[in-house]
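*Asks:* Would you mind keeping the following structure in view while I ask a few things?
The values are calculated or read from the model by the stated rules, or taken from the named source; none is laboratory data. These numbers come from a predicted model, not from an experiment. Cβ placement follows ideal geometry from the backbone for every residue including glycine, while neighbour counts extend to all protein chains displayed.
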Amino acid sequence: MHITFYGATRTVTGSNYLIETKKSRVLVDCGMFQGSAFSDAKNFSDFPYDPKTIDALFVSHAHLDHVGRIPKLVQLGFTGKIYCTAPTMRLAEIVMQDAEHIMEIEKKRDMRPKLYELADVEKAMKLFIPVEYSKIISFSDFTVRFRDAGHILGSAFIEIQEKGGARIAFSGDLGNINDPILQPTAQLAEQDALVIESTYGNRVHEALHERSNTLHDAITDTVKKKGVLLIPAFAIERTQLLLYELNALVENRIIPPIDIFLDSPLAIKASAIMADYPQYYNTATLKLISSGDDIFTFPGLKTTLNREDSKLINSSPKPKVIIAGSGMMNAGRILHHLVRYLGSSSTTVLIIGYQASGTLGRKLYTGEKRVEVLGERIDVKAKIASIGAYSAHADQKQLLKWISSAVHAPKQVYCTHGEEDASAALATEIFDELGIQADVPRVGQSIEM
Ligand SMILES: [Zn+2]
């Protein structure tokens, strides 16, 4: 078996791995590269393989950096099947449609090129085959198994075994512990090699209780200042986790009454899809749902699906909370709210997810005082708060724990899906703490198993 690293290699986005056996050529993930531009220039280069020669694609989960180049793959002649869990299939569809919508806006506004058209998404959707966790799927000379990664609904790590040969697992993205909604990450089976994400390979998250404290404090502070709390949120999973925690804060009257706007069509659609798959939730959440509590809805929550409703948020009185995408502030409705409120000292921007290098989110996170949003230069007067414990990703400690609690330790680990220093830090820890050989591959590097 021959593995080549083509994306999310010494960077976080653009996940893409080519696996070649004697009889097959398959891919794991086909994600979009994201940076200062919503769709990075790198996405427009040719694939380093001919899409027509690829037999199948296995998708770990529905985030854009794992599915965003699928329509392009199809446009260039890929006709194989696309395997993933049922929620991933449903979520991937709205994620790819939403990206097309953003690219269409950017094309009209900034003359940026589009990576694909809606017709390509439709064509891609016809190739999807939903699979269940833990079922072994057999191909000519290898088998594949999807296991629960606990990262977002339907997320999987993917185990590939050559018949009578080597085994390799691709972690996809791994979940943060104690996610109140999802099942925990499944145990890793025995592997010859493991390709693991390292988004937070050099960081340890705050304690869990600090998470709801920070949210609670940000809201009460906003009420006191009669200001605006902006929460740039990833539409899938982080937004629903936020709604879940706000649901508890509101219904138990822990926070004062305040208008909360969910201003993200993608998040609104994702919440509806997530409600269709209760069997993927953990037992505590299942219990809550069956007791009649709609976990993503509560008094004071207003969802704004269309643009007219979204514009009305501007004229609604303060204090107010606005949850809008994109999570890294490189596109979407959050930009309009930032233009309006970033220059005010009564505003708080609460960063709850990973901010990739080059994004506006990263600039604010690192304390830049003058930024450009939608062509306007803005002096940042808003308070910028952040909390890593909201991340959907495992931190360094959790990643090490997941590897060490495998049925048998993998013989070799490759750290990907992280910026270079994060991947390198994790590789060092894996070697020092667990005694396992660990490397940080380069783009285009191949390994023979
Ligand atoms: Zn992800």
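*Asks:* So is LYS401 closer than 30 Å to PHE5 by Cβ, basic (Lys, Arg) and surrounded by 16 or more Cβ atoms within 10 Å (Cβ to Cβ) or not?
*Replies:* Considered against the rule, which asks whether it is closer than 30 Å to PHE5 by Cβ, basic (Lys, Arg) and surrounded by 16 or more Cβ atoms within 10 Å (Cβ to Cβ), LYS401 comes out as no.
*Asks:* Considering only residues that are among the hydrophobic types (A, V, I, L, M, F, W, C), in contact with a Ser or Thr (Cβ under 7 Å, 6 or more places away or on another chain) and under 30 Å from SER271 (Cβ atoms), which ones fall in region 181-201?
*Replies:* Of everything in region 181-201, those that are among the hydrophobic types (A, V, I, L, M, F, W, C), in contact with a Ser or Thr (Cβ under 7 Å, 6 or more places away or on another chain) and under 30 Å from SER271 (Cβ atoms) turn out to be ILE181, ILE196.
*Asks:* Could you tell me which of the residues VAL195, VAL250 is within 16 Å of the ligand (Cβ to nearest atom) and either in a helix (DSSP H, G or I) or more than 16 Å from the chain's Cα centre (by Cα) (or both)?
*Replies:* Matching residue, one of VAL195, VAL250: VAL195.
*Asks:* Let me ask another. On the given criteria, is LEU91 assigned by TED's automatic domain parsing to the domain that holds GLY165, away from the ligand (no atom under 16 Å from the Cβ) and in contact (Cβ under 8 Å) with a residue 12 or more places away in the chain?
*Replies:* No.
*Asks:* Taking region 50-64 as the region of interest, how many residues are within 30 Å of MET328 (Cα to Cα) and either within 16 Å of the ligand (Cβ to nearest atom) or surrounded by fewer than 17 Cβ atoms within 10 Å (Cβ to Cβ) (or both)?
*Replies:* Count: 7.
*Asks:* Could you pull out every one of the strands (runs of 3 or more DSSP E) wholly within region 355-449 that has 2 or more residues that are within 26 Å of the chain's Cα centre (by Cα)?
*Replies:* The strands (runs of 3 or more DSSP E) meeting that bar are 370-373, 383-386, 412-416, 437-439.
*Asks:* Another one. Looking at the structure I just gave you, is SER138 among the polar types (S, T, N, Q) and within 16 Å of the ligand (Cβ to nearest atom)?
*Replies:* Spelling it out, it is not the case that SER138 is among the polar types (S, T, N, Q) and within 16 Å of the ligand (Cβ to nearest atom).
*Asks:* Of all residues in region 65-79, which are in contact (Cβ under 8 Å) with a residue 40 or more places away in the chain and either under 16 Å from PHE5 (Cα atoms) or within 16 Å of the ligand (Cβ to nearest atom) (or both)?
*Replies:* Scanning region 65-79 gives ASP65, HIS66, GLY68, ARG69, ILE70.
*Asks:* Out of region 91-130, which residues are touching a strand residue (DSSP E or B) at 6+ places or on another chain (Cβ under 9 Å) and crowded, with 19+ Cβ neighbours inside 10 Å?
*Replies:* If the condition is that a residue be touching a strand residue (DSSP E or B) at 6+ places or on another chain (Cβ under 9 Å) and crowded, with 19+ Cβ neighbours inside 10 Å, then ALA92, GLU93, ALA124, PHE128 are the ones that fit.
*Asks:* Find all pairs meeting these conditions: Cβ atoms under 7 angstrom apart; at least six residues apart or on different chains; first residue within region 149-167 and free of Cβ contacts under 8 Å to residues at least 60 places away in the same chain; second residue within 16 Å of the ligand (Cβ to nearest atom) and of a type in the set (D, E, K, R).
*Replies:* So the pair list comes out as GLY150/ASP179; GLU159/ARG147.
*Asks:* Return yes or no: is ARG238 away from the ligand (no atom under 16 Å from the Cβ), of a type outside the set (A, V, I, L, M), under 21 Å from the mean Cα position of the chain (by Cα) and under 19 Å from GLY353 (Cα atoms)?
*Replies:* no
*Asks:* Which residue out of ALA422, ALA385, ALA438 is assigned by TED's automatic domain parsing to the domain that holds SER212 and either in contact (Cβ under 8 Å) with a residue 24 or more places away in the chain or farther than 17 Å from GLY353 by Cβ (or both)?
*Replies:* Unique residue meeting the criteria: ALA385.
*Asks:* Another question, then. Given ILE255, ILE268, ILE273, which one is of a type outside the set (Lys, Arg), in a loop (DSSP other than H, G, I, E, B) and modelled with pLDDT of 90 or more?
*Replies:* Exactly one of ILE255, ILE268, ILE273 is of a type outside the set (Lys, Arg), in a loop (DSSP other than H, G, I, E, B) and modelled with pLDDT of 90 or more, namely ILE255.
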